[in-house]
Amino acid sequence: MPEVRIIAKNFMDMVASMPAMKLDKLYENGFICEAILRSLLPLAKKYVIQMLHIDVSVAAKLLEEWVLPGGVSKHRVAIDRLVQLRVFLEAVDRKNEKTYKVNPTFQRSLQKLLVQGGTLPRESMPSNITVRLPTLENLEAYALEQWECFLLQLISPSQVEKPLNISSSLMKVFQRRILSYRDKEAPKLTESGFQFLLMDTNAQLWYIIREYISNSEDRGVDAADLISFMLELSFHDIGEAYSVDTLTSFQRTIINDLADLGLVKIQQGRKGSWFIPTKLATNLSMSLADSSSRKQGFVVVETNFRVYAYSTSKLHCEILRLFSRVEYQLPNLIVGAITKESLYSAFENGITAEQIITFLQQNAHPRVAERIPSVPENVTEQIRLWEADLNRVEMTDAYYYDEFPSRDVFEGACDCAREWNGLLWEDSKKMHMVVKTEVHQYVRDYLRRQK
Amino acid sequence: MVNATKGVFISCDIPMAQYIINMNASLPASDKFIIHILDNTHMFVQPHVEQMIRSRIAKFREDNTYVKPN
């Protein structure tokens, strides 16, 4: 296993950070292996396919010969990834040279899948039972609407008309870095929370799923089982119905949670119920880099600080309310104004001027997005100035030193404080200085040594 | 013998420094908090007054703003 602990940026990073035994168990499922294969860089894919039917260890030097001299760094990245994921097992042979061998479990599962083909644990239900399935367009609209409803409940619980079924303890897990709680006050969005809202849908979804998986052990659920089921889910076809009866009770719980997030839609029939994966579900096995599509902008900012948001979304209204004064909320238009007072409210919550400006620029309405700049300069500069106004006074815990016996002692003490990067102020004539509290101990030790 | 005094070092612009000095002057003798005025933009104050100064500045700022009723 790699010594470096991986900060998960996508599903596969999370897989790579799992212990060896759990990984091997995971690789018993052919679809997991296929998802892993899909997520790899092209060179790593080639190595897996090339080594798929080789049962013995292959010398690292031999692998290096497959690469042109200019491709050494790509080669190293690919090999490192395969070792991290335990697709390749590293070893040392009798000549004390490094070798790689394909993980036997992974090899067997993928061989079987590619040679014999594979069927999902459940097939889609016949169409005579599942009458009136939603169209793909309706399904996508449902998914985004459900996801937005979740986001709204996440950041502004009082605004939700029909709360979701997700347990409040689970919701708190999602919220713990997004909202800050103070005594007797309504929860407020943190800097991280606003940053979360600035992400595109796939990145947001990934954050939530990661928290869901990380927290699973606390709920008595094995993270490997959870990852396995979710990756399996991403291989289901969008828009096809799959019977809930084929699920274990554990999987049924997950499906209900995922339905709240918009990853699946659950429908009830006379003879049972079924779930239908949406586009969000199939995105789970994709790397974030693959999904670079961005939502269409909806915000127009004018030089008089008025904001017009052409949106039907209540979530967008709540986001704008964080830093602007919303004056009218019409069915498809939100009218507001950026004011000093509304911005101060945002700054006090830890949202920064740069975040607000970035939000306005990234969500600029197509009619103004091509303008240079898309947000008027007088507005962006004023937002920055108002933020600077809040930070006019800097305060630092410190110690004031005076009554030095000689010039040499004073100069030495100043140098000592400077070395520790803690000298805040000095007056050479009077031999006075101010140092940071953290540096006080070092200066005092220095002065003691001068006696 | 070298003397060390614990406190808070304040760094700000000239008008804000004048505001803080005026705040100090308007308090009774027992509540004055400035230990040393170092120069136009720096001063050294009692350790416990950081929050008080911040809230007074915030109130001063709010007194000069108007929020239109909804």
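The values are calculated or read from the model by the stated rules, or taken from the named source; none is laboratory data. What you see is a predicted model; the values in this text were computed from it and never measured. Glycine gets a Cβ as well: all are built from the backbone with ideal geometry, and neighbour counts include every protein chain shown.
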message = Conditions first: (1) at pLDDT 85 or above; (2) over 24 Å from A:LEU424 (Cβ atoms); (3) at the interface with chain A (Cβ under 9 Å from one of its Cβ atoms). B:SER30 passes all but one, so which condition is the exception?
response = (3)
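Given the residues A:ILE351, A:ILE383, A:ILE338, which is the only one that is within 14 Å of another protein chain (Cβ to nearest Cβ) and closer than 30 Å to B:PHE60 by Cα?
Numbers: A:ILE351 fails: within 14 Å of another protein chain (Cβ to nearest Cβ); A:ILE383 fails: within 14 Å of another protein chain (Cβ to nearest Cβ).
Going through A:ILE351, A:ILE383, A:ILE338 in turn, just one is within 14 Å of another protein chain (Cβ to nearest Cβ) and closer than 30 Å to B:PHE60 by Cα: A:ILE338.
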query = Looking at segment B:1-23, which of the residues that are surrounded by 15 or more Cβ atoms within 10 Å (Cβ to Cβ) and in a helix (DSSP H, G or I) is nearest to the other protein chains (Cβ to nearest Cβ)?
reply = B:MET16
message = Just to be sure before I move on: is A:ARG444 surrounded by fewer than 19 Cβ atoms within 10 Å (Cβ to Cβ) and either hydroxyl-bearing (Ser, Thr, Tyr) or within 14 Å of chain B (Cβ to nearest Cβ) (or both) in the structure I sent?
response = yes
remark   = Filtering segment B:33-53 down to residues that are more than 8 Å from chain A (Cβ to nearest Cβ) and of a type in the set (Val, Ile, Thr) yields B:ILE34, B:ILE37, B:THR41, B:VAL45, B:VAL49
Members of segment A:360-378 that are closer than 15 Å to A:SER311 by Cα and modelled with pLDDT of 85 or more = A:LEU360, A:ALA364, A:HIS365, A:PRO366
query = Given the conditions (1) among the hydroxyl-bearing types (Ser, Thr, Tyr); (2) in contact with a Lys or Arg (Cβ under 7 Å, 6 or more places away or on another chain); (3) at pLDDT below 85, and given that A:TYR344 satisfies all but one, which numbered condition is not satisfied?
reply = (2)
message = Can you tell me which condition A:ALA346 does not meet? The list is (1) among the aliphatic types (A, V, I, L, M); (2) in contact (Cβ under 8 Å) with a residue 12 or more places away in the chain; (3) more than 30 Å from B:ILE20 (Cβ to Cβ), and all the others hold.
response = (3)
inquiry  = Looking only at segment B:54-70, count every residue that is surrounded by 12 or more Cβ atoms within 10 Å (Cβ to Cβ) and within 7 Å of another protein chain (Cβ to nearest Cβ) and tell me the total.
reply    = 1
query = Which condition breaks for A:PHE323 when tested against (1) buried (at least 21 other Cβ atoms within 10 Å of the Cβ); (2) within 13 Å of chain B (Cβ to nearest Cβ)?
reply = (2)
